[in-house]
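This report refers to the structure that appears directly beneath it.
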Amino acid sequence: MKNNWANELQRLAWLLTSCFFIGWLLGYALQGLVVGCAIHLIWNFSQLRRIHAWLMSKDKNQEPPELPGFWGAVCDKIYYLQRDQQRIQAKLEADVAYLHSSFASLSDAVVMINGHGTIDWCNTAARSNLGLRYPQDLGQHLLHLFRDPQFLQYFDGLNYDKGIEVKAPNNGQKTLWVQLTRFGEGDRLLFARDITEVQKLEQMRRDFVSNVSHELRTPLTVISGYIDNFHLFTDKIPQMALPLEQMAQNAQRMEYLLRDLIDLSRLETLPNEMHSTSVSLSLLSRMIVEEAQASLGDETRVINVDIQEHVDIWGNQLELHSALLNILINACKYTHDQGLIELICRKDEKGAYFSVTDDGVGIEATHIPRLTERFYRVDPSRSINTGGTGLGLAIVKHVLIRHDGELLIESSPGQGSTFSCHFSSHRLSE
Ligand code: ADP
């Protein structure tokens, strides 16, 4: 380019000098210079015209015109830039097509939504799962097609960390798990999975557990009744005393197990009720401390309490009682004799909380995320010896879900644990 500039200047200098010289010979030196400038201008204009015609040509592959000097170099540069641009565009188009085809082959529905909330693209599964029509629904606002109130709230909310379960807009029998994610500048990607079958299986599992638990209850009551009656004859047949004692203990364990299984399946299956009863966590806390002390028998625990008055939340008294008692009984079970337990029930800036801290055996960090699973025990033999069913914390978790609460567990082995239940402020009843 530098050379071209030098050549161009040289050429101009030659032209102007020649015109000036000829003009001078003819006695019109200045006019000669003007004619030189005009020739230069016209020549440049004609080169520009050829470049313009080439750039405006419909044939994008047309070679650039052969131009001398500086203009030729400019044309070549434009041509190379054009080629680069075409290559990049082709690569981008191929990438987009590849992405579209991989999304299209997904069995989950994928919908791209732009910053205005209108649909930019959707895959084949979105047509069957969400009933979208392609391409007719492109450019439509998603909420015109997906009117579920719960989805509307989710769509307009700021938090897309978790997905939600909603009924399919085109089929009330179908349940979808839907999750939104943000990308680009205000754009959103919607994933929807059909979970109808999974839900059916889950329902079948719950029904099965619930039915079996109910069915086992009656025979167990009969057996327990006979065991109690046989106890009356143990002075006549002393060798039966020990087996009968063991039978009674095991029947009792089974009863606890069935009770917890029935409670759990009730919590899982009943729809989340709109609580209209105000439950005093302060009174419940005092009540469960007495119950826990009574359950300890010969052993003792020092239970310190810090209970604020009038910590009241909208909820179900029985469910909350069972959850809080489970936590306190666990603290007693997994703490040595004379162990120290602290129970706190207070309001805080987020709402209210109930926490139980013990100085007992503690729990390894790896176990903590799994503690609320059914029958998950850190030390199964210890749990069974202390009369545990392995369902207590699963019940606590479900009760808290039904009260929009959250269970937090902090623990270190050998030092003790803190189990705390947090209730958000909209649950406070005063
Ligand atoms: P379990 O009937 O076995 O106590 P839970 O569901 O109540 O069942 O508790 C699950 C497991 O969590 C227990 O088996 C025990 O290992 C552990 N755990 C619960 N609470 C405590 C606690 N306060 N300290 C130590 N471990 C605990």
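The values are calculated or read from the model by the stated rules, or taken from the named source; none is laboratory data. Quick caveat: nothing in here was measured; it's all calculated off a predicted structure. Heads up, the Cβs are rebuilt from the backbone with ideal geometry, glycines too, and the neighbour counts pull from every protein chain shown. All accessible areas refer to the heavy atoms of the entire protein, side chains included, with ligands and DNA or RNA removed. Shrake-Rupley method; radii C 1.70, N 1.55, O 1.52, S 1.80 Å.
Laid out as a table, the results:
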| quantity | calculated |
| --- | --- |
| Centre separation in Å (Cα based) which lies between segment 321-363 and segment 1-52 | 97 |
| Heavy atoms of GLU364: accessible area, 1.4 Å probe, square angstrom to 10 | 100 |
| Label-point separation in nm, MET254 to ASP228, each point 7 Å along Cα→Cβ | 1.6 |
| Average accessible area per residue (Å²) across segment 278-427 - probe 1.4 Å, nucleic acids and ligands excluded | 46 |
| Stretchable slack from ILE39 to GLN153, in nm (0.36 nm times residue separation minus alpha-carbon distance) | 33.8 nm |
| Accessible surface of segment 201-269, 1.4 Å probe, proportion on carbon and sulfur as whole % | 62 |
| Accessible surface of MET240 - all protein chains present, 1.4 Å probe, nearest 10 Å² | 80 |
| Area of ASP161 that stays accessible when all protein chains are in place (1.4 Å probe, Å², to 10) | 130 |
| Candidates ALA331, ALA251, ALA109: whichever shows maximal mean-square fluctuation once the chain is modelled as a Gaussian network with Cα springs under 10 Å | ALA251 |
| Accessible surface of segment 339-410 [probe 1.4 Å, protein heavy atoms]: carbon and sulfur percent | 51 |
| Debye, to nearest 20: dipole size of segment 278-427, +1 on Lys, Arg Cβ, -1 on Asp, Glu Cβ | 460 |
| Length-normalised contact order of segment 109-258 in % [C-alpha pairs under 8 Å, at least 6 apart] | 18 |
| FRET efficiency estimate (nearest 0.05) - Cβ-Cβ, LYS350 to HIS141, R0 41 angstrom | 0.70 |
| Positive dipole terminus of the chain, leading residue within LEU189, GLN293, LEU152 (C-beta point charges) | LEU189 |
| Dipole of the chain, positive end: most advanced residue of PRO68, ASN330, GLY360 [Cβ charges, Cα centre] | PRO68 |
| Pairwise FRET efficiency - VAL302 versus SER412, Cβ, R0 = 22 Å, nearest 0.05 | 0.65 |
| Value of relative contact order over segment 337-404, rounded to a whole percent, pairs C-alpha under 8 Å and six or more apart | 21 |
| Residue-normalised accessible area of segment 2-91, expressed per residue, 1.4 Å probe, Å² | 77 |
| Solvent-accessible ranking of ARG83, ARG49, largest area first, probe 1.4 Å | ARG49, ARG83 |
| For GLN249, net neighbour charge (Lys/Arg +1, Asp/Glu -1) across residues whose Cβ lies under 15 Å away | -2 |
| Total formal charge among the other residues, if their Cβ is under 10 angstrom from that of THR418, Lys/Arg +1 and Asp/Glu -1 | -3 |
| Carbon/sulfur fraction of accessible area - segment 106-194, other protein chains in place, 1.4 Å, % | 50 |
| Spatially close lysines, pair count over the chain: Cα under 27 Å, gap of eight or more or interchain | 17 |
| Separation of alpha-carbon centers, segment 193-247 and segment 110-162, rounded to whole Å | 49 |
| Mean residue ellipticity (222 nm) of the chain, computed from DSSP H runs ≥ 4 via -39,500 (n - 2.57), nearest 500 | -17500 deg cm²/dmol |
| Surrounding net charge for HIS100, when Lys and Arg each add one and Asp and Glu each subtract one, Cβ distance under 12 Å | -3 |
| Normalised contact order of the chain, rounded percent, pairs of Cα under 8 Å and 6 or more residues apart | 9 |
| Two-site FRET efficiency, LEU15 against ALA104, from Cβ-Cβ distance with R₀ of 56 Å, rounded to 0.05 | 0.30 |
